[in-house]
1. Sort 65, 40 by heavy-atom solvent-accessible area, probe 1.4 angstrom, most to least.
2. Quick one: how many Å² of residue 73 are accessible to a 1.4 Å probe, rounded to 10?
3. Using protein chains only and a probe of 1.4 angstrom, how many square angstrom of residue 35 are accessible, to the nearest 10?
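The values are calculated or read from the model by the stated rules, or taken from the named source; none is laboratory data. Because the structure is predicted, anything quoted here is derived from the model rather than measured. What goes into the accessible areas is simple: the full protein's heavy atoms, side chains included, and nothing from ligands, DNA or RNA. Shrake-Rupley method; radii C 1.70, N 1.55, O 1.52, S 1.80 Å.
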Amino acid sequence: SELRDRGAPLLRGGAMLRLAYLSLYNLYCLFGWAYILFLTVNMVVEKRVTDFWKDLEMPLKYVQTAAFMEIIHAVLGLVRSPVSRTLPQVASRLFIVWIFMDHLHGAKDPATASRKPSMFASEKHCWFGVMCTVAWSCVEIIRSSFYGLNTIDAKLV
């Protein structure tokens, strides 16, 4: 039976595997975004906004890049989201994190793995990253909680 079958009390085979996978995916996203929000708020409280990219680059890239799986989920029909809506949303965020913010905060020197300072890196550019991260975190914590609960009880949607 399908997740969309609201009357099916037991899920068998592929549907159960799909629900388990989507539950784990949503838990990863929930805890990842909660961790990013915690790091961001902590950084602001401690007045270390200029450390934004140093502290958040890798956690943000890991969690945001996991969103690529949402395109795969839509293509495979694991979720009801249309690919035409999912693709630009995920692609725009990946562009912001992997290209725009990397450029904003300076290029990494492959030999030393340290950053060469960018002429654009300043406190106001760090605040741009902070605002993006807080907005994304708040939205994604609510979203992944909703979808995670939906995998447990299909009657929520």
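1. Working: 65 55, 40 0 Å².
Output order, biggest surface exposure first: 65, 40.
2. 10 Å²
3. Accessible surface of residue 35 is approximately 120 Å².
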